[in-house]
Ligand code: ZN
């Protein structure tokens, strides 16, 4: 059993930007040389989200639209604390979560054909993000 921890960076536009990070996660798995185990993909930060979706044009629009319905941009108590206007971003991050776990078998992620790993940047400005991938296996 061994552990491989790697990272990659992203430039985002913020405002619930949806980015497919599957290729980068596959790359970290290849570089690790591990064959079987579990990959955890994590964003350090409280205004991002990591989940899975079919990365196609319709859902790339649907995801930001449903987030706006569920947790509209606007005034939240957080903004009274910091006045940074991104209370909705923290709440969306808390709802979606900041990590995603997927098993890998024989050197391949066990994702479905129409299942991609996506990073969502909920913040109200463009950001440079570091995404961590920790692989535990053999
Ligand atoms: Zn904030």
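A few points about this structure:
- Tally, over segment 67-109, of residues that are under 30 Å from residue 28 (Cα atoms) and either within 17 Å of the chain's Cα centre (by Cα) or within 14 Å of the ligand (Cβ to nearest atom) (or both): 17
A quick yes/no check of all residues on (1) at pLDDT 95 or above; (2) surrounded by fewer than 17 Cβ atoms within 10 Å (Cβ to Cβ):
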{"position": "37", "(1), (2)": "yes, no"}
{"position": "46", "(1), (2)": "yes, yes"}
{"position": "50", "(1), (2)": "yes, no"}
{"position": "66", "(1), (2)": "yes, yes"}
{"position": "73", "(1), (2)": "yes, no"}
{"position": "83", "(1), (2)": "no, yes"}
{"position": "110", "(1), (2)": "yes, yes"}
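- Residue count, segment 20-32 (criterion: assigned to a helix (DSSP H, G or I) and in contact (Cβ under 8 Å) with a residue 60 or more places away in the chain): 8
- Residue 35 vs. criteria farther than 18 Å from residue 12 by Cα, more than 16 Å from the ligand (Cβ to nearest atom), in a helix (DSSP H, G or I) and over 17 Å from the mean Cα position of the chain (by Cα): no
The rows are residues; the columns are (1) at negative phi; (2) in contact (Cβ under 8 Å) with a residue 60 or more places away in the chain.
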{"position": "14", "(1), (2)": "no, yes"}
{"position": "18", "(1), (2)": "yes, yes"}
{"position": "34", "(1), (2)": "yes, yes"}
{"position": "39", "(1), (2)": "yes, yes"}
{"position": "49", "(1), (2)": "yes, yes"}
{"position": "58", "(1), (2)": "yes, no"}
{"position": "66", "(1), (2)": "yes, no"}
{"position": "69", "(1), (2)": "yes, no"}
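- Subset of segment 38-51 (residues that are touching a helix residue (DSSP H, G or I) at 6+ places or on another chain (Cβ under 9 Å) and more than 16 Å from the ligand (Cβ to nearest atom)): 39, 41, 50, 51
The values are calculated or read from the model by the stated rules, or taken from the named source; none is laboratory data. The shown structure was predicted, so the numbers you read here are calculated from the model rather than taken from an experiment. Reconstructed Cβ throughout: ideal geometry from the backbone, glycine too, with neighbour counts over all protein chains shown.
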